[in-house]
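What follows is a single structure, written as structure tokens, with notes after it.
The values are calculated or read from the model by the stated rules, or taken from the named source; none is laboratory data. Since the structure is predicted, the reported quantities are computational estimates derived from the model, not experimental observations. Note that we place each Cβ from the backbone using ideal geometry, even for glycine, and neighbour counts take in every protein chain shown.
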Amino acid sequence: MSLLEVTDVAKRFGGVVALDGVTMRVDEGEILGLVGPNGSGKSTLINVLSGFYAGDQGRVDFADTDVTSLPANQVAALGIARTYQIPRPFDTMTPRENIAVSYMFGQHRHSLAEAREAAGEWLEFTGLGDVADTGINELTLHQLKFLELARALATQPSLLLLDEVLAGLNPSEINQSVEMIQRVHARGITLLIVEHVMRAVMALSHRIVVLDQGKVIVEGEPEQVMADPAVIRAYLGDRGLDA
Amino acid sequence: MRTQRRRRYLVVILVLALIAAACGGDDTTDTTDTTAPADTETTVPSDTETTEPEEMEEPSGEPIRIGGTLALTGFLAATGAIHQAVGEVFVERLNEQGGLLGRPVEWVLLDDESAPDQSAAAYERLITEDEVDLVIGPYGTGNITSAMAVAERYGYVFPHHTASLTYAYNYACHFSSWSTGLHPNITNPNLIYDALESTGTPPETIGFVVNEFPGTMFIAYGQDGTDEGGAVSLAEDRGWDVVLDLTFPTATSDWAPIAAQIRDADPDFLYIAGLGVNASNIITAMQAIDYSPAGMFSQWPAPGPLLQTEGADGIMSVTIFEEHPPFTDNPDAVEVSGLINDALADAGIPYTKVETQAAASWTAWEYLTQAAEGAGSLDQQAMCDWLLENGADTLFQGHIEFRPDEQNYFEDLSKLKQVQDGDWWVVYPEEFAAPDRSLIYSPDE
Amino acid sequence: MDLISQGVVSGVLFGGLYALMSLGLSLSWGALKIINLAHFSFILLSAYIVYQLSVSYQIDPLLAMVVVVPIFFVIGALMQMFFHAVDVDEFKSLIITFGIFIILQSLIQTVWSADFRRIGIELNPYATQSISFGGVAFPVSQLIAFVAAVLIAVGMSLLLSRTYFGKAVRAVAQDRSMARAYGVDPRRVAVILSGLATSFSALAGLFVAVGQSIFPGLAVGWFGIVFSVVILGGLGNTLGTLTAGVVVGVAANTASVTWGPLSAPLVTFLILIAALLFRPEGLLTRRSVA
Amino acid sequence: MNRRRRTLLGFAAVAVILGFFPAVQEALDLPTFYVIFLFTTLFWVAQASSWNILTGFAGYFSFGQGAWYGIGVYAVSVLVGKHGWPFMAALPMAGLLAGVAGLLLGMVVFRLRRLSGEIFALTTLAIAFVLAALARLLPAIDGGTGIFMTGTPLPEFLGDFTTAMYLLTLVFSLLTVMAAYLIQDSRLGWGLFAIRDDEQVADGLGVPVFRYKMTALGANAFFAGLMGGLWSLRLGFVTVDDVFNIRVPLFVILMSVLGGMRHWMGPVVGAVIITTISDRLNSAGLADVSQIIIGALLVILALAVREGVYLRMRDRWVTTAAVFFGALALVTLFDINGSLISDFAYAMVATTLAMLVPSGVWERMRANRGGTGGDGPPETLADDLTEANT
């Protein structure tokens, strides 16, 4: 059954139409890949789902609750967590503190005391144990991306929105991350991943939704989606078909 | 990286500067604020000749320490500086003339930053930590009020120069040296109105612009809550038509609208219940729109700027002393005025003549020293009683008898002064008027 | 009627002075991200220098312009270099310039004493001259200040919108690194701009010295009005600042003549709060430098 | 024994020790001024701590301290001076009115998404101006005549005026500091830190940003107002110019920046150092110099010690203790200046200067000396968290 229902959601910025009546769903326990060329509205959709933007029309239901007009923190409290394409850690805090804070809030409230073990656990999980108490400025991009992930996981979400976790990583780091994402999924967390790295998306996703110019153009199994002419057109323009 | 290093150097330099400043501070400690006898010998050049020093035996023994604060910084500092200069002259001269009770005198002066709570704290320290022998009041109504509360708590005789809210002070041993009387809100306006009527052509219409400052509000509208006096109602009592009554905020920067309203009302006489440079700013603004009223009075102006203000000629104000006969008939007054003029000049204060502020300041010091000499001791109660018993003989204001039944105030000794030919002259009452000077006022032309 | 029209005229003219006092702050804040509280003591310092020149060397206060403007250009430039030497964000700049403000204030008091100063009548004919049309008078000094404000505001907005320097400034204002990519040296641009901004405050100081008595306490009194004008005008938007100055001037004046002087500050600051809450980007919808 | 209980016991201890100070002062007959000096310091400790709850914890820079303080002062002055309320009845109103005013402001400004940090700062500045203008305009508040508070009776059992002022200031400042501590050592505090670092991310992690910011602003205004109400007695004669000026906002900023805005102890340390030093400079007749030094301090600190001296002191506790007590011993031994306060002032100056040594230099020195003092970059509050439950 579906965990997240997106019905006819639209979002305009001034004249620009970022989302134009998007309707899609994320099923409980699946990994859904959200792909599309630049400016197709993927990030906007993530922002709408996580409650940062209020959609101009349409409705979003999560676990049978209408979350359309909820502020981000209430959406988070219901169990939707997200990461940021460009890592945004709390830079006056150590990684441990970063994670502890999100554990205190997130889906369930926890005390400062409980936050500590939890932090340890997620540091462990993402392999950040040895940088746990250093300054943020000493972390590599790779580590920062993992911190993003750890912080999102610490909110104990039932749905996790991953916004280009792989962007800017080298092949070996990508493999590491892919394997990590699978482990996250193994913990029973439903995932919606926005990605450019097709190889990874194909490997991870059970289903793929293709977004173009704010519309869902195709939805389905990875292979069939990738074979779809509309998708090829969207990515390569018409030339793609002749080739 | 480079900014890193640069920053480090910068920090080091600034730190050194800080240390320097701090240390520099400590050295000057004993010299800046206290006129210790040790250095008076060295710092007594020419003045000594004028004041027959040979009669004076050097003061000796433990110095008597007189504590007080003044607004050396903050929004009252302009006038605070005058009181500082005068006080230094007084103490220096006192030491030259044998000190107090034969002992040298030190003035422990602190800055209250124009803040009443600072003032209160400072007096607490002066009395309980520095254990000064005597205290003298600060400048500014708020500061005087909070300082007086402290003085009262420790039973110190409390002479003060310039507290405008006379009705508020009930301490048995406070002595105001600003001879406004207990009811300046009645006596002050009446002085001016009598003067105007003495010209035979009193105004028919009068306008008021009032600085929203406790002292000036008190003069203009009488005591808060009571309906006694106040310049406005007293003018009405004389049947004059009050055509304008404006209150402006203390921190006014744009005077044009006030000037415009004055021009619009066009009173025969303009009563500016203002302070500092209010009057000169208002006059400038009126000039800027081609207007000058037939006559003007300004309550407590800084005298200097008005002389530099075009269109201020003929403006009146109140004073208790001016540097001309009959006030200067007493040679000592002349000599002291000279000393004060120099001191004010040295302090970089542009207008160096002795008038209300300086005179009141000097008088307060006289209260204190005469009380000590009179009582023959530094016992506060004895000093207080002696003052209440004998009053004080002051250089600038003559003999003063304090009236316990009037909260130690006495008659209003204010005189009316006027700017004529680019200088201030007392013009009323006649017996105090400067030689061949008289009030110039005629609303008709 | 006569009263109101005079009120409006004085308001417009005085608005010019307000604008002049605000332009520098608006520019350095909008374009350089420096909230320069020292700006206020710069205005005061310049006023004192003009006063001193007139007293010591009988220099006509308006001529003093040729002395103070360059001096303060240099001061502004140096200050910006200092800020570069120690990279600052807005918050830091606020604290640091607050420190500089305090230091300058007490230095001014040490040098000129806390007492009131005023340029003598004979040297300062401008204070009280005025031209009058049908019962409404136009004070000369304010007229000059107003003209100066207009010239600077228009000049700067042309400079910023039409010239290469202007492009450079906008580039710097939006994104330092991008500016560098376009081959602009953000530092030189910033230094020049800061110099200009400070020299405007010098000019403002000059007209303050001409128009009224000066004393150290004056500077603090300017905070409210100047910030109102800067915010109303929109950060870095010189034309906006001019308009805002006039709006505030007229509002305060008309309020003062209709409800009495006590209402003027209230009206001014209510306008400010309204602006802060509903138009933080400034009165004019024109895009500002920032 | 856990950290919180330890700290709270510490508060109790401080309360007891300070509570008995007036008695001690009587017994040893130390100058009464020491009592006054102490409660002046406590007043600033409370002001700075309350300001820091909003600005230091939540990162919203506020010039509003003067406004909240002013509301407190006038609430009490009007109720007592004009309506004859007993002081102790009026005092709570000072805190409540200021708190409500703070919440009202928050309701407006925190709803506006586009409101950037410095716009918030200027709004708080403007609020102070408006309140001043109102107080001038309305005779019901002031109307320019000022209000006399001298001779306001205080409850008998508190002893004479000075002792009473001292005890009241002590109680309220301890409450303020404890509030700051409890906030920092809780979800609320960490939520605020998150907001300070990146409000949107905090929001996305489930931090109830609006409610938390309101709480911080409300607490700030409440405690500032309460202290203001108390201080109306200190002013004696209350006027708009004395109450609504930049002194209070200036000093709380300075104190918190000096001490450090990221830890509840920062403003406390800052307030103690500033009040002591400026008091002594002033008593040395160096008011003007003290202004210049304060200005210089602001500049230096903003550049050199971002995290404030407290976190450095904690990080370099060995040096701190050594320098402080060393200097104290020296000045007392050679009796450079009779007064106890002066001795402390010297010690504090020495310690502060020691803290000004830039971290980089410090790390190297420590490396050479094979390490003294704590560990980790002073920026982190790590041990607060790690010890939170040990």
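Tell me which of these D:Tyr310 doesn't satisfy, since it passes every other one: (1) within 13 Å of another protein chain (Cβ to nearest Cβ); (2) closer than 30 Å to D:Gly189 by Cα; (3) at pLDDT 85 or above.
Evaluating D:Tyr310 over (1) within 13 Å of another protein chain (Cβ to nearest Cβ); (2) closer than 30 Å to D:Gly189 by Cα; (3) at pLDDT 85 or above leaves (1) as the failure.
Sort out which residues of the range B:256-288 are over 27 Å from the mean Cα position of the chain (by Cα), more than 8 Å from chain C (Cβ to nearest Cβ) and surrounded by fewer than 23 Cβ atoms within 10 Å (Cβ to Cβ), and write them in order of number.
Across the range B:256-288, the qualifying residues are B:Ala265, B:Asp266, B:Asp268.
Taking interchain pairs and intrachain pairs at least six residues apart, which have beta carbon atoms under 6 angstrom, with the first residue in the range C:255-282 and at the interface with chain B (Cβ under 9 Å from one of its Cβ atoms) and farther than 17 Å from D:Ala121 by Cβ and the second part of a helix (DSSP H, G or I) and β-branched (Val, Ile, Thr)?
Cβ pairs passing all conditions: C:Ala255/C:Val267; C:Pro261/B:Ile258.
If D:Arg262 passes every condition in (1) more than 8 Å from chain B (Cβ to nearest Cβ); (2) assigned to a helix (DSSP H, G or I); (3) closer than 22 Å to D:Ser359 by Cα but one, which one does it miss?
(2)
Scan the range D:196-239 for residues that are polar (S, T, N, Q), within 27 Å of D:Ala164 (Cα to Cα) and away from chain B (no Cβ under 14 Å) and report the count.
First, the residues of the range D:196-239 that are polar (S, T, N, Q): D:200, D:215, D:220, D:232, D:239.
Filter once more, so that each one left must be within 27 Å of D:Ala164 (Cα to Cα): D:220, D:232, D:239.
Narrowing further to those that are away from chain B (no Cβ under 14 Å): D:220.
Of the residues in the range D:196-239, 1 are polar (S, T, N, Q), within 27 Å of D:Ala164 (Cα to Cα) and away from chain B (no Cβ under 14 Å).
Just need a number here: residues in the range B:163-185 that are under 16 Å from the mean Cα position of the chain (by Cα), away from chain D (no Cβ under 14 Å) and not small (Gly, Ala, Ser).
Applying the first criterion (under 16 Å from the mean Cα position of the chain (by Cα)) to the range B:163-185 yields B:163-166, B:175-181, B:184.
After this cut, where a residue has to be away from chain D (no Cβ under 14 Å) as well, the list is B:175-181, B:184.
Cutting the leftovers down to not small (Gly, Ala, Ser) gives us B:175, B:178, B:180, B:184.
Counting residues in the range B:163-185 that are under 16 Å from the mean Cα position of the chain (by Cα), away from chain D (no Cβ under 14 Å) and not small (Gly, Ala, Ser) gives 4.
Find the residue count for the range A:34-71, including only residues that are part of a strand (DSSP E or B) and either closer than 25 Å to D:Asp203 by Cα or over 17 Å from the mean Cα position of the chain (by Cα) (or both). First the steps, then the outcome.
Looking only at the range A:34-71, we keep the residues that are part of a strand (DSSP E or B), and these are A:34-35, A:57-62, A:65-66.
If we keep only those that are either closer than 25 Å to D:Asp203 by Cα or over 17 Å from the mean Cα position of the chain (by Cα) (or both) too, we end up with A:34, A:57-62, A:65-66.
Residues meeting the conditions: 9.
I need the full set of residues from the range D:27-44 which are part of a helix (DSSP H, G or I) and farther than 16 Å from D:Arg234 by Cα, in order please.
First, the residues of the range D:27-44 that are part of a helix (DSSP H, G or I): D:27, D:32-44.
Within the range D:27-44, just D:Ala27 meets the criteria.
Is it fair to say C:Leu196 is among the aliphatic types (A, V, I, L, M), closer than 23 Å to C:Gly166 by Cα and modelled with pLDDT of 90 or more? Quick ask: steps written out before the conclusion?
On the way: among the aliphatic types (A, V, I, L, M): yes; closer than 23 Å to C:Gly166 by Cα: yes; modelled with pLDDT of 90 or more: yes.
For C:Leu196, the condition - among the aliphatic types (A, V, I, L, M), closer than 23 Å to C:Gly166 by Cα and modelled with pLDDT of 90 or more - is met.
Please go through the range D:246-272 and pick out each residue that is within 23 Å of B:Leu110 (Cβ to Cβ), surrounded by fewer than 24 Cβ atoms within 10 Å (Cβ to Cβ) and in contact with a helix residue (DSSP H, G or I) (Cβ under 7 Å, 6 or more places away or on another chain).
D:Ile246, D:Phe251, D:Val272
If you take the residues in the range C:85-129 that are away from chain D (no Cβ under 14 Å) and part of a helix (DSSP H, G or I), which one is modelled with the lowest pLDDT? Full working, then the answer.
Here is the first cut: in the range C:85-129, the residues away from chain D (no Cβ under 14 Å) are C:115-129.
Still in the list and also part of a helix (DSSP H, G or I): C:121-123, C:125-127.
On the way: C:Ile121: 77, C:Glu122: 79, C:Leu123: 81, C:Pro125: 79, C:Tyr126: 80, C:Ala127: 74.
The extreme case among them is C:Ala127.
Tell me the residue from A:Ala227, A:Ala243 that is farther than 25 Å from A:Ser172 by Cα and modelled with pLDDT of 80 or more, please.
Working: A:Ala243 fails: modelled with pLDDT of 80 or more.
Result of the check over A:Ala227, A:Ala243: A:Ala227.
Take B:Ala235 and tell me if it is hydrophobic (A, V, I, L, M, F, W, C), at pLDDT below 90 and either closer than 19 Å to B:Leu191 by Cβ or in contact with a Pro (Cβ under 8 Å, 6 or more places away or on another chain) (or both). Even if it seems obvious, please write down each step before you answer.
Working: hydrophobic (A, V, I, L, M, F, W, C): yes; at pLDDT below 90: no; either closer than 19 Å to B:Leu191 by Cβ or in contact with a Pro (Cβ under 8 Å, 6 or more places away or on another chain) (or both): yes.
No; evaluated as a whole, the condition is false for this residue.
Please work out if B:Ile144 is more than 15 Å from D:Val35 (Cα to Cα), away from chain D (no Cβ under 13 Å) and buried (at least 23 other Cβ atoms within 10 Å of the Cβ). Don't jump to the end; show me each part of the working.
Values: more than 15 Å from D:Val35 (Cα to Cα): yes; away from chain D (no Cβ under 13 Å): no; buried (at least 23 other Cβ atoms within 10 Å of the Cβ): yes.
For B:Ile144, the condition - more than 15 Å from D:Val35 (Cα to Cα), away from chain D (no Cβ under 13 Å) and buried (at least 23 other Cβ atoms within 10 Å of the Cβ) - is not met.
Which members of the range B:186-207 meet the condition of being crowded, with 24+ Cβ neighbours inside 10 Å and either within 14 Å of another protein chain (Cβ to nearest Cβ) or free of Cβ contacts under 8 Å to residues at least 40 places away in the same chain (or both)?
Selection gives B:Gly207 alone.
Would you mind listing the helices (runs of 4 or more DSSP H) fully within the range A:72-144 where at least 3 residues are over 19 Å from the mean Cα position of the chain (by Cα) and either more than 17 Å from D:Asp197 (Cα to Cα) or more than 10 Å from chain D (Cβ to nearest Cβ) (or both)? Write out each step before concluding.
Working: elements: A:72-78, A:95-104, A:112-126.
Passing ranges, in order: A:112-126.
In this structure, is A:Met180 more than 14 Å from chain D (Cβ to nearest Cβ) and either surrounded by fewer than 21 Cβ atoms within 10 Å (Cβ to Cβ) or at pLDDT 90 or above (or both)? It would help to see each step written out before you state the result.
Working: more than 14 Å from chain D (Cβ to nearest Cβ): yes; either surrounded by fewer than 21 Cβ atoms within 10 Å (Cβ to Cβ) or at pLDDT 90 or above (or both): yes.
Yes, satisfied.
Being polar (S, T, N, Q), modelled with pLDDT of 95 or more and under 12 Å from the mean Cα position of the chain (by Cα): is that true of D:Ser77 here?
Numbers: polar (S, T, N, Q): yes; modelled with pLDDT of 95 or more: yes; under 12 Å from the mean Cα position of the chain (by Cα): no.
It is false that D:Ser77 is polar (S, T, N, Q), modelled with pLDDT of 95 or more and under 12 Å from the mean Cα position of the chain (by Cα).
Restricting to the range C:193-226, name every residue that is of a type in the set (Phe, Trp, Tyr), surrounded by 24 or more Cβ atoms within 10 Å (Cβ to Cβ) and within 14 Å of chain B (Cβ to nearest Cβ). Give the steps one after another, and end with the answer.
So in the range C:193-226, the residues of a type in the set (Phe, Trp, Tyr) come out as C:200, C:207, C:215, C:222-223.
Pick out the ones that are also surrounded by 24 or more Cβ atoms within 10 Å (Cβ to Cβ) and you get C:200, C:207, C:215.
Listed by number, the residues that qualify are C:Phe207, C:Phe215.
For D:Ala202, work out the one condition from (1) under 16 Å from the mean Cα position of the chain (by Cα); (2) more than 30 Å from B:Glu124 (Cβ to Cβ); (3) free of Cβ contacts under 8 Å to residues at least 60 places away in the same chain it doesn't fulfil.
(1)
Could you list all residues from the range A:220-234 that are outside any loop (DSSP other than H, G, I, E, B) and surrounded by fewer than 16 Cβ atoms within 10 Å (Cβ to Cβ)? Before you say what the answer is, go through the steps one by one.
Narrowing the range A:220-234 to residues outside any loop (DSSP other than H, G, I, E, B): A:220, A:222-227, A:229-234.
Hits for the range A:220-234 are A:Gly220, A:Glu223, A:Gln224, A:Ala227, A:Pro229, A:Ala230, A:Arg233.
Of the numbered conditions (1) touching a residue at least 40 places away in the same chain (Cβ under 8 Å); (2) of a type in the set (A, V, I, L, M, F, W, C); (3) under 30 Å from C:Lys92 (Cβ atoms), D:Leu340 fails exactly one; give the number of that condition.
With respect to (1) touching a residue at least 40 places away in the same chain (Cβ under 8 Å); (2) of a type in the set (A, V, I, L, M, F, W, C); (3) under 30 Å from C:Lys92 (Cβ atoms), D:Leu340 is out only on (3).
Residues that are over 19 Å from D:Val73 (Cβ atoms) and of a type in the set (A, V, I, L, M, F, W, C): does the range D:128-146 have at least one?
Going residue by residue through the range D:128-146, those that are over 19 Å from D:Val73 (Cβ atoms) are none.
No - not one qualifying residue is present in the range D:128-146.
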